[in-house]
Amino acid sequence: VNHKTILITGATDGIGKATALKLATFGSTIVMLSRNLEKSKAVENAAKVNFPQAKFDHILCDLADLKSVKTAAAEVLLKYPKIDVLINNAGGIFNTKSLSKDGFEMGLQVNHLAHFLLIKLLLPRILEYKENPRIINVASELHKFDKLDIKDLNLDHKFSGWTQYANTKLLNILSSKYLSQTFGVQGLQSYSLHPGVVRTSFGTNNTGIWSVFNKLPFMMTAEDASKTPVYLASQAVEKLSNGAYYKKSALASSSQKSYDAKLAIDAWQASNQLLEKAGF
Ligand SMILES: NC(=O)c1ccc[n+]([C@@H]2O[C@H](COP(=O)([O-])OP(=O)(O)OC[C@H]3O[C@@H](n4cnc5c(N)ncnc54)[C@H](OP(=O)(O)O)[C@@H]3O)[C@@H](O)[C@H]2O)c1
């Protein structure tokens with residue numbers, strides 16, 4: 001049994017929920033950053049059916065609203081002197097163009113920018129803890145279809161939900177690369193992963209190809225898909241490779257572009273500039 005403090009986004013459903021339920025059985029405190037607190041507490045209740053000692057906390061965090069992300073980070077900093085693991089899991093495909101409260105394209109904000117802000121605000125506290133803290137980004141194989149343009153992260157010029165999803169999942173991988181490159185010497189570990197193709201509520205807010213996608217017969221369960229994030233959160237650091245991309249709890253190749261160290265820096269700076277312009 002360990003006593004880690006594990007922060008996770010998007011754990012009210014799908015892969016994140018399965019990840020939280022599993023990690024809770026290891027004796028960790030699961031801090032759920034959720035936009036729906038009722039749904040969040042229901043996960044705790046579900047965990048306690050089989051594991052009554054499970055420890056949970058619930059912090060309101062709407063990733064589509066950067067002010068809410070900032071308030072959530074402040075609450076984390078107030079309550080938790082030590083953060084062992086941050087799992088950036090929430091995400092979705094936004095097929096029709098919509099804007100967040102902050103004026104960013106929704107896919108960019110929910111899948112990438114909001115998590116970027118969370119990392120930025122929590123990083124000093126995460127780095128204080130010297131025992132190899134981890135930041136885990138849940139990406140996707142679909143990152144291989146990216147058309148990332150650092151100067152147009154918001155896709156102001158030509159919007160496609162599919163492309164933006166691929167772009168943001170590449171940004172998740174690049175963010176792990178950047179964090180390991182830059183803060184690895186201070187002990188920070190960062191990994192990204194593909195969970196597998198899963199039948200979750202993912203894609204159900206869409207019609208057309210995405211709704212079909214979610215009904216494919218070969219999909220695994222959310223519990224199966226949680227194995228890789230659980231592995232990366234709990235495996236001994238010596239057995240893991242800092243900055244790497246994982247599939248099926250093993251090292252995997254990501255796209256050629258994702259290994260571009262300069263692109264990782266450029267993506268980090270471009271994201272930071274967008275946040276600064278928005279006042280964060
Ligand atoms: N499913 C797949 O086949 C697949 C494949 C590759 C990668 N992935 C990745 O795996 C991750 C999890 O996907 P999933 O399939 O488990 O999705 P899911 O079942 O749709 O769950 C998404 C989670 O994200 C949360 N979320 C969405 N928008 C939010 C917001 N604005 N603020 C706060 N939380 C928000 C949802 O909260 P609510 O409960 O409040 O809606 C939910 O907890 C994503 O990053 C996805 O890109 C999934």
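Might you tell me the accessible area per residue for the chain, computed with a 1.4 Å probe and given in Å²? Could you put the intermediate results ahead of the total?
On the way: 12470 Å² over 280 residues.
For the chain, the solvent-accessible area averages 45 Å² per residue.
Given contacts defined as C-alpha pairs under 8 Å and at least six residues apart, what's the relative contact order of the chain, whole-number percent? Working shown, then result.
Values: 540 pairs, mean separation 50.9, N = 280.
Answer for the chain is 18 percent.
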The chain, Gaussian network, Cα under 10 Å: of Tyr246, Tyr259, Tyr80, the residue fluctuating most is Tyr80
Excluding ligands, DNA and RNA, the carbon-plus-sulfur percentage of the accessible area of the chain with a 1.4 Å probe reads 55 percent
Projecting the Cα atoms of Ser98, His194, Ser34 onto the charge dipole of the chain, where Lys and Arg contribute +1 and Asp and Glu -1 at Cβ, the residue farthest towards the positive end is His194
Contact order relative to length for the range 1-98, counting C-alpha pairs under 8 Å separated by 6 or more residues, stands in percent at 34 percent
Whole-Å distance linking the alpha carbon centroid of the range 25-78 with that of the range 236-280 is 25 Å
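Asp156 to Ser253: extension gain in nm, 0.36 nm per residue of separation minus the Cα-Cα distance?
On the way: separation 97, 0.36 × 97 = 34.92 nm, distance 3.02 nm.
That pair, Asp156 and Ser253, stretches by 31.9 nm at full extension.
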Share (percent) of C-alpha pair distances in the chain greater than 23 Å works out to 49 percent
Largest fluctuation, Ala250, Ala139, Ala20 only, Gaussian network model of the chain with Cα springs under 10 angstrom, belongs to Ala250
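Hey, can you rank 184-197, 36-49, 161-174 by average C-beta count inside 10 Å, highest first?
Details: 184-197: 20.6, 36-49: 15.2, 161-174: 25.1.
Ranked by mean Cβ neighbours within 10 Å, highest first: 161-174, 184-197, 36-49.
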Distance in nm between Gln53 and Lys82 label points, each 7 Å along Cα→Cβ, equals 1.7 nm
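The values are calculated or read from the model by the stated rules, or taken from the named source; none is laboratory data. The structure displayed is predicted, hence computed values, not measured ones. Positions of Cβ are generated from backbone atoms using ideal geometry, with glycine treated the same way; all protein chains shown enter the neighbour counts. Side chains are part of the model used for accessible areas, which takes the heavy atoms of the whole protein and leaves out ligands, DNA and RNA. Shrake-Rupley method; radii C 1.70, N 1.55, O 1.52, S 1.80 Å.
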